[in-house]
Amino acid sequence: MSRFLEVAHVTKRFRGLTAVDDVSFGLEKGAIYAIIGPNGAGKTTLFNLLAGVYAPDAGHIAFEGTPIAGLAPEKICQAGIARTFQIVRPFPGLSVLENAKIGALLRHRDPADAEQAAGETLRRLDLWDKRRQLAASLTLPDRKRLEMARALATEPKLLLLDEVMAGLRPTETDRIVAILKALAAESGLTVLLIEHVMRAVMALAERILVLHHGAAIAEGEPTAVVRDPLVLECYLGAEALE
Amino acid sequence: MSVFAALNGRARWLLALFVASLALAPVAADRYILSVLILIFYFAYLGQAWNIMMGFAGQLSLGHSLYVGLGAYVAAALWTKFGVGPWAGMFAGMAVAMAFGAAIGWLGFRFGIAGVYFALLTIAFAEFTRIAFDHMDWTGRAGGLFLPVRAEQAHQWWNLRGGPLLFYYLALALMLGALWLCAALRAARIGHYWLAVREDEAAARALGIDVFAVKMKAVLISSAMASVGGTFYAFYYNNLFPAQIFDMSRSIEMILAPIVGGLGTLIGPILGAFILTPLGEGLIAATEEAGLSAPGTKAVFYGLALMAIVWVAPSGVWPWLRRKLGLETP
């Protein structure tokens, strides 16, 4: 069976440490899927395996039926998977518009077209008014949205979001949740997010994967997963039940 | 010209005035002034070539004298040994310089030699090429290669044989051509990708940018441009010495104008050359007059100028001046 994204028995070791241990899951097109788990559970490593930063030591990753494990990051992006960085990495010396334009140049080779497309993406993410500012001068919430805008400007089929809500106030979180919901509804974008902010996960995700010590300990619909005793013990804590 | 569409009205007038006054300068200027202006244009041109690598793509080269020297030696040798004209020689020089640039780029970018280590690699290539030319009989070894100046060729401008006026307009055309080329590159897809690589390589890769190819394009274009400057140098001065043209101090001299003028800007290399070259030449003239001329005076002066710039305007004179003149795009 060929799913939109298929991750099968993926393992990644760093010297003695097994950061990702035999993880399997799959994504349907148009879904919003979340990966949660305590710090050090291997979420970002799993992301980096999908984004081409690392090659897995074992297992397979297929995107739209094509194997992608071990491809370089730029090839992954060209294939239609865009990612954000947990610690945002805007191009600090360039303007907000130029940041997004560089992303848009992947699918729009003509700079004028790319600028047009970048402008539309910035409007979606409420950054249009700040397009002339240097990325270095933005506040953290704006930088997080710029990180998303730049990734979206590459017009991906699958968007990987690495803790874009971390460190944001609840109003900012709700704003990003609303933007993502609208995007998924209108453009059929598939989203895979790593997130600690359960408020956002519960509002967005159709399915959740829980990682602990590199291994998948639960997978399923949000309401079921948050009642899973193992998940409660490892991650959410008993108080989450209330 | 769409390349200059981004300029506001005031900046366009200033640019037109600047070009017109330089085009008319030979009417009023004497031989000495012309020779200084030729030097200014030459350094502005080379600064523009180097700026593509460092200012745009963020790759520090401290061995650009290599490309200048190869462009000079290849064209000069083809002319003196086989009578091949400088235009064909220029393309041959470009090909050789680009081959060296490709080798350096491939070694550096393929094996992740970055920053100062990449700079060391560029120095090493320039140095061993200098040593090779020091021992190469065919090009006159350390004793130099001389282009014959014959009366019957004195007006063969198409072979770059002629007086100061010919070289004045040639150097002016080089400087303005480089400005146009860099403006076009900066506005194109590749220009944006260079800036992305300069700012953050990992983020650039995540946006689908083939960082290796983008850096290779920078080194190829930059080395080709620098070699054309070398061909100009050979036919202007008519003599070449490996110890002079490949020397590391030449590479350093080349990078001062863009640093002082403003790294990564289009006008910076030109402005920097207009500031540094007249001061340097004036200093030499003044010290000679006073009987104080000592080797290294210019180097000390350039060192002081660089410190002053880093102190007063760390991002260069042009970004500061642009604000003062009201040329910022709104």
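The values are calculated or read from the model by the stated rules, or taken from the named source; none is laboratory data. Because the structure is a prediction, the values reported are computed rather than measured. Using ideal geometry, Cβ is built from the backbone for each residue, glycine included, and neighbour counts are taken over all protein chains shown. Protein only, heavy atoms only, side chains kept; ligands, DNA and RNA dropped before computing areas. Shrake-Rupley method; radii C 1.70, N 1.55, O 1.52, S 1.80 Å.
What is the list of residues in the stretch B:81-96 whose amide nitrogen lies under 14 Å from a point 7 angstrom out from the Cα of B:A151, following Cα to Cβ? It comes to no residues whatsoever.
Counting only protein heavy atoms and using a 1.4 Å probe, what share of the accessible area of the stretch A:11-132 belongs to carbon plus sulfur, as a whole percent? Carbon plus sulfur share of accessible area: 47 percent.
Among A:107-119, A:43-55, A:23-35, sorting by the average number of other beta carbon atoms lying within 10 angstrom of each residue, highest first, gives A:43-55, A:23-35, A:107-119.
Distance from the Cα centroid of the stretch A:163-242 to that of the stretch B:47-65 is 47 Å (rounded to whole angstrom).
Among complete DSSP H helices in chain B, those whose alpha-carbon atoms stretch at least 15 Å along the helix's long axis and whose mean Kyte-Doolittle hydropathy reaches 0.0 are B:9-28, B:31-51, B:65-82, B:86-110, B:116-134, B:164-187, B:211-237, B:248-261, B:268-289, B:297-312. The contact residues of the stretch A:82-126, meaning those that lose at least 30 Å² of 1.4 Å-probe accessible area when all protein chains sit together rather than their chain alone, are A:F85, A:R89, A:F91, A:L94, A:E98, A:I102, A:L105, A:L106, A:R109, A:P111.
Using a 1.4 angstrom probe on heavy atoms only, work out the carbon and sulfur share of the accessible area of the stretch B:2-325 in %.
71 percent
Placing pseudo-labels 7 Å out from each Cα toward the beta carbon at A:N39 and A:T171 gives an inter-label distance of 2.8 nm. Counting only alpha carbon atoms, the long axis of helix A:170-187 and the longest principal axis of chain A meet at about 80°. In this label model, B:R141 and B:A20 are separated by 5.7 nm, measuring between points 7 Å along each Cα→Cβ vector.
Quick one: of the DSSP bridges fully inside the protein assembly as shown, what percent are antiparallel, nearest 5?
Values: 22 of 38 bridges.
If I count the DSSP bridges inside the protein assembly as shown, around 60 percent turn out antiparallel.
Under a 1.4 angstrom probe, counting protein chains only, how are B:Y117, B:Y236, B:Y73 ranked by accessible area, largest first? The partial results should precede the final answer.
Details: B:Y117 150, B:Y236 55, B:Y73 5 Å².
Sorted by accessible area, descending: B:Y117, B:Y236, B:Y73.
The contact between chain A and chain B removes approximately 1900 Å² from the accessible area (both sides summed; 1.4 Å probe; ligands, DNA and RNA excluded). With a 10 Å cut-off around each Cβ of B:186-193, the average count of Cβ atoms from other chains is 4.
Accessible area per residue for the stretch A:87-242, computed on protein heavy atoms with a 1.4 Å probe, is 44 Å².
Calculate, for chain B, the solvent-accessible area per residue in square angstrom, rolling a 1.4 angstrom probe over the heavy atoms of the protein chains. Walk me through the numbers before you get to the answer.
Details: 14610 Å² over 330 residues.
For chain B, the solvent-accessible area averages 44 Å² per residue.
Mean separation of Cα pairs under 8 Å and 6 or more residues apart, divided by the residue count, gives chain A a relative contact order of 25 percent.
Counting, for every residue in A:153-160, the Cβ atoms of other protein chains within 10 Å of its Cβ and taking the mean gives 1.
Using a 10 Å cut-off on Cβ atoms, rank the peptides B:64-71, B:156-163, A:187-194 from the highest mean neighbour count down. Don't skip to the answer; put the middle values down first.
Working: B:64-71: 31.5, B:156-163: 15.4, A:187-194: 20.2.
Taking the mean over residues of other Cβ atoms within 10 Å, the ranking is B:64-71, A:187-194, B:156-163.
Here the spin labels are modelled as points 7 Å beyond Cα on the Cα-Cβ line, and at B:N238 and A:R227 they lie 9.7 nm apart.
Maximal additional length on extending the B:D30-B:A114 stretch stands at 25.6 nm, based on 0.36 nm per residue less the C-alpha distance.
Taking every C-alpha pair closer than 8 Å and separated by at least 6 residues, the mean separation divided by the residue count of the stretch B:114-239 gives a relative contact order of 25 percent. Shielding of peptide B:194-204 by partners, expressed as the average count of other chain Cβ atoms within 10 Å per residue Cβ, is 6.
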